[in-house]
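Everything on this sheet refers to the single structure shown next.
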Amino acid sequence: MSQAVLDTETAPAARMDLLRFATAGSVDDGKSTLIGRLLYDTKTIFADQLEAVEAASASRGDEYTNLALLTDGLRAEREQGITIDVAYRYFATPRRKFIIADTPGHIQYTRNMVTGASTADLALILVDARKGLVEQSRRHAFLTSLLRVPHLVLCINKMDLVDWDKAVYDKIADEFTSFAAKLEIGDLTIIPVSALNGDNIASRSENSPWYDGPSLLHHLEHVHIASDRNLVDVRFPVQYVIRPQSTTVTDYRGYAGQVASGVLKPGDEVLVLPSGMTSTIAAIDTADGPVDEAFPPMSVTVRLADDVDVSRGDMIARVKNAPTPAQDIDAMVCWMTNAPLKPRQKLAIKHTTRTGRAMVKDIQYRMDVNTLHRDQETKELGLNEIGRVQLRTTVPLLCDPYSKNRTTGSFILIDEATGVTVGAGMINSGS
């Protein structure tokens, strides 16, 4: 039944062939141009869009069609030639569908990078071959590691401006590899490209005969992401209780949400938290009808065999593999507003589908994302700063460590007065 789910991402092809990736890098490294090139080379641009970009390029006095204008949507972005907001773009090839989060390069928009990369399967960091690694390159690599993005691609861009010098590529690649060794990055690929000319973007370029790796698009199409998802620990946060008031559908009670991890099947014995009641899965419904199993990131409706009390914010898990409800939370927090985060501060907290209030018990240290130094003297976090924070919540969070589960291990902090999201957290542990 169509009303029994909260989104339509249920077809196997959509689930298995979707790659989310975020682009990052310093200002003017060519992120928007690279994305524009990907859209152009995969023929994802409508004729009128291309005509508009050509006209805009001509009015700016550009000597070529500026593909960066395809992604720089705000007037301020086009005028300054930079990305300010997180711009989401979509394209597809016969092999895979893609969602791109084009994140800003300026240091003051670090929070946007956190937003864009938080759900990414892969992070793509650009470096200008003429400049080499800069502070923002290291910052974004650290954030990629902190956010546990499974795959990282370093694109050394503008290689045409250094005459495709292999020595330049090797120097940047070696320096970045050494820095990445200090972080928890499981899969690193380095590709020399020219986004402006399309070299090594959709196909291998003759300008880099010394490079024997894949083109960027080939790598994006073939990088293996299915095993990145946690299929062991069943976590199903309940988003909505479905009770149709219809004469054709009577006595229907379903619990809708998105599978955070694990595999759910009819007949499985499950535990409902925080009540502790147990039951058995009677059926799993989608927009296309019942299914034999559900796994992340499917959005489904679960029906239980017993009439147990389940509400929004509850979680369905395995009887012998369930998260421990916790109110004392130890987390890394990225602070996203000008007013600093301080001890004793009170905020609203949203974790999966559960909301409550939280108080800051302590700020243990601020992380210098460039040197990886821990500043234990600082007792507050400013805009875009990241630190280790102790929280006390009014309601138990049904959480896991972020390293184990990116969905149940993350939360956002909200200013109760304005309703604005002011912080994003990654849980280390809870008790």
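Values quoted throughout were computed directly from the atomic coordinates according to the rules given, and no laboratory measurement underlies them. None of these values were measured; they are calculated from a predicted model. Reconstructed Cβ throughout: ideal geometry from the backbone, glycine too, with neighbour counts over all protein chains shown.
Observations on the model:
- Summed side-chain charge close to LEU161 - residues other than LEU161 whose Cβ falls under 13 Å, Lys, Arg +1, Asp, Glu -1: -4
- Interatomic Cα distance distribution for region 114-257, bins of 10 angstrom, percent: 10, 32, 27, 11, 9, 7, 3, 0
- Neighbour cut-off at most 11 other Cβ (10 Å), DSSP loop, GluC sites (Glu not before Pro), region 122-229: GLU184, GLU206
- Projecting label points 7 angstrom from Cα along Cα→Cβ for ARG344 and ASP292 puts them 6.1 nm apart.
- At an R0 of 45 angstrom, the distance between the Cβ atoms of THR44 and ASP368 translates into a FRET efficiency of 0.70.
- Charge dipole (debye, nearest 20) of region 309-411; +1 at Cβ of Lys and Arg, -1 at Cβ of Asp and Glu: 280
- Taking N as the residue count of region 305-361, its C-alpha radius of gyration divided by 2.2 N^0.38 Å amounts to 1.52.
- Translational diffusion of region 220-288, estimated by Stokes-Einstein from the Kirkwood radius over alpha carbon pairs at 20 °C in a medium of 1.002 mPa s, is 148 µm² per second.
- Stretchable slack from PHE179 to LEU383, in nm (0.36 nm times residue separation minus alpha-carbon distance): 71.0 nm
- Put a dot 7 Å past the Cα of ALA417, heading toward its Cβ, do the same for ASN197, and the two dots end up 5.5 nm apart.
- With one equal scatterer per alpha carbon and no solvent term, the Debye-computed log10 I(q)/I(0) for region 291-405 at 0.22 1/Å reads -1.29.
- Efficiency of FRET between LYS265 and SER403 - r from beta-carbon atoms, R0 30 angstrom, step 0.05: 0.70
- Only Cα sites of region 234-369 enter the Debye sum here, all with the same form factor; the resulting log10 I(q)/I(0) across q = 0.13, 0.17 1/Å is -0.66, -0.92, listed in q order.
- For the residue pairs LYS182/LYS404; LYS43/LYS265; LYS31/LYS346; LYS31/LYS171; LYS43/LYS350; LYS131/LYS182, alpha carbon separations beyond 28 Å are given by LYS43/LYS265; LYS31/LYS346; LYS43/LYS350.
- Available extension along the chain between THR280 and ARG95 is 62.9 nm, counting 0.36 nm per residue and deducting the alpha carbon span.
- Around the Cα centre of region 156-212, unit charges on the Cβ atoms of Lys, Arg, Asp and Glu (plus for the first two, minus for the last two) sum to a dipole of about 80 debye.
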